[in-house]
Structure formats: structure tokens, C-alpha cells
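One structure is given here, and the rest of the page talks about it.
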Amino acid sequence: MIEMNERVIFSRLLEERLNDIGGSLGQSMFDGALNVMEGNMVKEYDNLGMTYLLNYQTQRLADYLNLSVYSQSYYPFINMAQKYADDASGTSLKPCDEANPVVNILNNRRSIREYSGTPVTFADISSILNGIQNTHEVGEMTFRNTPSGGGLYPVTIYFHANRIEDIDEGVYRYQPSTNSILLIEKNTRDKIKEIYKNQLKIDLDNYCALFMFVFDYVFCFQKYNNLALSLGLIETGMLAQNLELIANSLDLGTCDIGGCDKVKGEELLKIDGMNQHLIYSVIMGSKKNNGGVQV
Ligand SMILES: Cc1cc2nc3c(=O)[nH]c(=O)nc-3n(C[C@H](O)[C@H](O)[C@H](O)COP(=O)(O)O)c2cc1C
């Protein structure tokens, strides 16, 4: 258990991040944040969000035992029990409209874990990334396709380009403001396999791209305090869902990935693991003729 009493470390990292954001604006934001952290405005429990993130995805022996017992014996019962949870006296609705293209994509989506190996085109990966986070100038503000609490956009999308036409294999960061991708490191296949080695059902050879969602706590901590954590997790889910909608509209298969080696992942992405946290992933590939194995 990592206690977040080391406020000095946190405030140093906060300062670095805010200085990255830029000059006097960063400095004044830092002064404000430091006052808040050192003063009476922040109580011990106000750091719960950071404490949680620092311990997030840290798997202990008990978790592994839990997971194997759980998935082998209880999962099917919990799944099947959902049917009996509904009260029969509810008013029936009409079935959803298949002619609606968004509904149609949702109806046909299943998690796909096996891929043909056919690369995705540069146009398709562009369409997916820009489709999720395309920017729109409104007065002095810039908004994006996927909403964000307070318009702060604390989640950044990184991805491993495994089979993408015209892009070198490696890890990249998507930059919405300029609709561009920045190479972080080339030739990272082995590192990715190590980070996701517990995902035994997923084909880690033939996928096209593996998207990694990084939540930057500092971006919304100052405004939202502990609420920042839930906003970051919710917004990641929204980005992932929009990604899956666009990918499935292009007939690409996707699968969410909740668990990975977070620390090794953060090392690969060259993020600090204090303010910036790798919290979620989605893998995407071309479907096999049989649609790929579904679990
Ligand atoms: C939050 C979340 C985390 C998930 N994590 C994993 C994962 O780590 N590995 C995996 O193979 N599937 C993962 N899945 C996929 C689920 O197993 C899948 O959605 C579920 O079995 C329902 O099947 P469907 O997506 O085909 O409808 C995850 C899904 C969600 C929503």
C-alpha cells in the first residue's frame, strides 16, 4: 500500500507538469495548487484519488486466486442470473431499430480476440483517432468530439502500431490539437507482449493496433479534487466506446483490456506513473473469416 503522505514528491511532479504546460500560466497554477495542498483546504482524505491511482492494477496473490476461482465457477451463474433480475411487471418496449446505423453497429459488436493479420490502412487509423478526438474552436476554447468534465481533457491516447500501413512498428502518442501522431519508441513488440502477457486469450501477434489510455490526474485534480478520479475513469470509458464504434463501423474487431502490467506500460510510454496513469487498453485487428474467437 503506497501512502500519499509524500506531498513533496507530488508537488514537485505537479510543478514539472504545470511548467510543461507553459510559463507564467503554469507557475501561477502551481502556486495555487501548492497553497491548496499545503493549506487547510486539503484534508488527508482529499488525496484518496491519487492513493487509489498509485495502487491501481497492483495485483497481489489473493487477486490472482480470486480471479481464477471466480471466472471458473461463478461467472456463468452471475451472467445467467441477470435474466431473473427483471421484474415481470415492467412495461415492454419495442426492439431497437436495426435501420439506425449506430444501433446496427452496437447490435453486431462482440469482443474479438483473434485477428487475420491484415494491416489497417493509414486512412482508417487516422479516421479512428481523429474521429474520437477531433477538435472544434468555440470562441477561445477548443472542444473535442468526446466530451470531458470542465473541458479539461485529461485522457491521452497512446497506441502500439503493430500492423498499420505506412507507419513504422512502435509506440505513438496521438496529439488532438494538431491531429498528429508522435513516435515514442520503435520496435516495441517484445515489450508489449511482456506488458500484456496475462491476456492469454488475446492474439498478441496479428492485431493492428493496441490503444492505451493515459489519465493525467493533474489536469482535473485542481478543479475536481477526488471527483477527478471518477471523471478520468468515466471519460476513458467514453473514449474507448467511441473508438469501438468507429472501428466496428470499419469492420475491424476490438476487445477491451482491463488488466496489464501498469508499471512496465508506463515505462514504455515514458510517463511518470505519479500524475499520469495507464488505466485502460483496447486492442483492434482485422477480423478472420469466421469473425475470430469470442469468449
Ligand atoms: C471494463 C472491461 C474490461 C475488460 N477486460 C478484458 C480483459 O482484460 N481481457 C479480455 O479478454 N476481455 C476483457 N473485456 C471484454 C469482456 O470480457 C467482454 O466485453 C464480455 O465478455 C462481453 O462480451 P462481448 O464484449 O463480446 O459482448 C473487458 C471488457 C470491459 C468492458
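Laboratory data are not the source of any read-out in this text; all were calculated from the coordinates shown. What you see is a predicted model; the values in this text were computed from it and never measured. Here the Cβ positions follow ideal geometry from the backbone for every residue, glycine too, while neighbour counts run over all protein chains shown.
Miscellaneous remarks
- Scan of the range 207-264 for residues that are of a type in the set (D, E) and over 23 Å from A123 (Cα atoms), ordered by number: D216, E235, D261
- In the range 111-159, residue farthest from N206 (Cα to Cα) [restricted to those that are within 16 Å of the ligand (Cβ to nearest atom) and not hydroxyl-bearing (S, T, Y)]: V155
- Every condition in (1) touching a residue at least 60 places away in the same chain (Cβ under 8 Å); (2) away from the ligand (no atom under 16 Å from the Cβ); (3) not in a helix (DSSP H, G or I) holds for A99 except the one numbered (1).
- Those residues of the range 220-235 which are of a type outside the set (A, V, I, L, M) and buried (at least 24 other Cβ atoms within 10 Å of the Cβ), in sequence order: C220, F221, G232
- Residues satisfying the stated conditions in the range 147-204, i.e. out of contact with any helix residue (DSSP H, G or I) (no Cβ under 9 Å at 6 or more places or on another chain), under 21 Å from S116 (Cβ atoms) and in contact (Cβ under 8 Å) with a residue 60 or more places away in the chain: R163, Q199, K201, I202, D203
- Top-ranked residue in the range 238-281 [being near the ligand (Cβ under 10 Å from one of its atoms) and free of Cβ contacts under 8 Å to residues at least 40 places away in the same chain; ranked as farthest from L152 (Cα to Cα)]: G258
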